[in-house]
Amino acid sequence: MTPTYTNTDQRRIARYLGMTVGAFQKKYLRQERGGDRDWLNRSTPCPFLNLSDNKCRIYSVRPADCAGFPHLKKRFADYGHVHHQNIDLCPATFELVRRLQDSLSA
């Protein structure tokens, strides 16, 4: 699971890290194959995750995708594919889907 980085995200984060956008892309990102060719993390876990305390090292300038995660405030139908991908990875998404299933079963 990796966030997508918009051009705005890339400029903001690169500036925060004192890098050019090109250097930021080369060091941290890769472009998805096919279709939209989104910019994604080059590696997992996220290179900005501090493994000692499980906190984001760039939290104040994190990508919009991270800031909105787990996308529970938007129309569920628009993010169904994201929720499906994240059920096994995100406890909040798992709980959302479980509660939705329970309410539909009742």
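Read-outs throughout are calculated quantities, based only on the coordinates presented, and are distinct from any laboratory measurement. Predicted model, so just to flag it, every value in this text is computed and none were measured. Cβ sites come from the backbone with ideal geometry, for glycine too, and all protein chains shown count toward neighbours.
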Taking residue 65 and the conditions (1) under 27 Å from residue 94 (Cα atoms); (2) of a type outside the set (A, V, I, L, M, F, W, C); (3) loosely packed, with under 15 Cβ neighbours inside 10 Å, which numbered condition does it fall short on, given that it satisfies the others?
-> (3)
Those residues of the stretch 13-30 which are farther than 13 Å from residue 42 by Cα and crowded, with 19+ Cβ neighbours inside 10 Å amount to 13, 14
